[in-house]
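Enquirer: The structure under discussion is supplied below as structure tokens; questions concerning it will follow.
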Amino acid sequence: MGRDRGIEVEGLVREFRKGPRAVDGIDIRVEPGEIYGFLGPNGAGKSTTVLMLTTLLPPTGGRATVAGYDVVKEGPKVRASIGAALQEAALDPFLTGREHMTLQAALHGLARKERKSRGDELLERVGLEEAADRRVRGYSGGMKRRLDLALSLVHRPEILFLDEPTTGLDPQSRSALWSEVARLARDEGVTVFLTTQYLEEADVLADRVGIIDRGKIAAEGTPEELKAEIGRPSVEATPASPEERGRVTEVLSRFGEEITGAPGAVAVRIDHGAGDLADVVRALDAEGLRVTNLRIEEPTLDDVFLEKTGRSLEGAGDGESGMEESQ
């Protein structure tokens, strides 16, 4: 691999003692200035991958460079080039937000006169200027996440690692963090490696998405490319009478395979060449069936995940998650 300023991963492996391979020979390339969404359920290997790429966990095998530096041989140079907001924010509850910023700036060697201005700039950018002089123990979860993001940006890193940064946040805080991440990539050329379980987050933010499942890359591409691979829309119908659900299922099953729909509704993934919504309406009408809601939906990243892994993303964590989180 050359001296690329993005991220390059070849055959990366991490195997824990008496356990399966948390990461099983993955290949990834992230271009400079790109937002790369790393999507998968708990225990899939997302956090383990981030720990290796940020030099906090040595690989068992394979090779990776971050900002052009080898994560094993050139760890200090990697760490100087990156910012990281991991799942557990290392915040002192007795320090204020401003004191955290000043301390972080000092640790990164910023000149004394620059520490305050840089801290104030970042606190304002993440919407914490009014809470800057409050102790962190009084911050909400969303405020702590935003402070952690600000701390990771103090030294103007080339590459930013965000490990499930919006888990547990309310919609407003999540939207604000999305806006800042998008701005960093767009206006400052920061490369962002974002792990997430949220399909919407990957769809909204990521230039490209990698889906990891049980330690292996199951699919990779832009959200549009991945959805185009599925290529088949779904149709969902809600019977006017719950007693007719079985008959509605029988009719819709002529057009494709049944999938999970909204409560009380019947949904199928339409087979190639199986017709369109008008055909479904005619079939239901021919059977004398009434529905209160009938809609057709284009493929989503959840559909991609289901197609590639055989299971839905939400609630798909397995026993491996406890092993990964405990390392």
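Enquirer: Kindly provide the set of residues from the range 57-88 that are surrounded by fewer than 17 Cβ atoms within 10 Å (Cβ to Cβ), out of contact with any strand residue (DSSP E or B) (no Cβ under 6 Å at 6 or more places or on another chain) and more than 21 Å from residue 214 (Cα to Cα), ordered by number.
Expert: 70, 72, 73, 75, 76, 80, 88
Enquirer: Next up: If you take the residues in the range 90-147 that are modelled with pLDDT of 95 or more and among the β-branched types (Val, Ile, Thr), which one is nearest to residue 169 (Cα to Cα)?
Expert: Residue satisfying both the conditions and the ranking: 136.
Enquirer: Any residue at all in the range 228-238 that is part of a loop (DSSP other than H, G, I, E, B) and without any contact (Cβ under 8 Å) to a residue 40 or more places away in the chain? Please lay out each step first, then the result.
Expert: So in the range 228-238, the residues part of a loop (DSSP other than H, G, I, E, B) come out as 231-233.
With the extra rule that they be without any contact (Cβ under 8 Å) to a residue 40 or more places away in the chain, the set shrinks to none.
Scanning the range 228-238, I find no residue that is part of a loop (DSSP other than H, G, I, E, B) and without any contact (Cβ under 8 Å) to a residue 40 or more places away in the chain, so the answer is no.
Enquirer: Also: Which of the following residues is at pLDDT below 95 and assigned by TED's automatic domain parsing to the domain that holds residue 65: 208, 254, 269, 214?
Expert: Numbers: 208 fails: at pLDDT below 95; 254 fails: assigned by TED's automatic domain parsing to the domain that holds residue 65; 269 fails: assigned by TED's automatic domain parsing to the domain that holds residue 65.
Result: 214 is the single residue among 208, 254, 269, 214 that is at pLDDT below 95 and assigned by TED's automatic domain parsing to the domain that holds residue 65.
Enquirer: Then there is this: Which condition from (1) of a type outside the set (Gly, Ala, Ser); (2) out of contact with any Phe, Trp or Tyr (no Cβ under 9 Å at 6 or more places or on another chain); (3) closer than 22 Å to residue 183 by Cα is the one that residue 57 breaks?
Expert: Of everything listed in (1) of a type outside the set (Gly, Ala, Ser); (2) out of contact with any Phe, Trp or Tyr (no Cβ under 9 Å at 6 or more places or on another chain); (3) closer than 22 Å to residue 183 by Cα, residue 57 misses just condition (3).
Enquirer: Please specify each residue of the range 173-187 satisfying the condition of being of a type outside the set (Phe, Trp, Tyr) and either touching a Phe, Trp or Tyr at 6+ places or on another chain (Cβ under 6 Å) or touching a residue at least 12 places away in the same chain (Cβ under 8 Å) (or both).
Expert: The answer is 173, 174, 176, 177, 180, 181, 182, 184, 185.
Enquirer: Report yes if some residue within the range 152-164 is outside any helix (DSSP H, G or I), more than 24 Å from residue 103 (Cβ to Cβ), touching a residue at least 60 places away in the same chain (Cβ under 8 Å) and out of contact with any Gly (no Cβ under 9 Å at 6 or more places or on another chain); otherwise report no. Even if it seems obvious, please write down each step before you answer.
Expert: Step one: filter the range 152-164 for residues outside any helix (DSSP H, G or I), giving 153-164.
If we keep only those that are more than 24 Å from residue 103 (Cβ to Cβ) too, we end up with 164.
After this cut, where a residue has to be touching a residue at least 60 places away in the same chain (Cβ under 8 Å) as well, the list is 164.
Those still in the list that are out of contact with any Gly (no Cβ under 9 Å at 6 or more places or on another chain) too: 164.
Yes, that holds for at least one residue.
The values are calculated or read from the model by the stated rules, or taken from the named source; none is laboratory data. Note that this is a predicted model, so its numbers are computed, not measured. Neighbour counts are summed over all protein chains in view; Cβ atoms, including those assigned to glycine, are modelled from backbone coordinates with ideal geometry.
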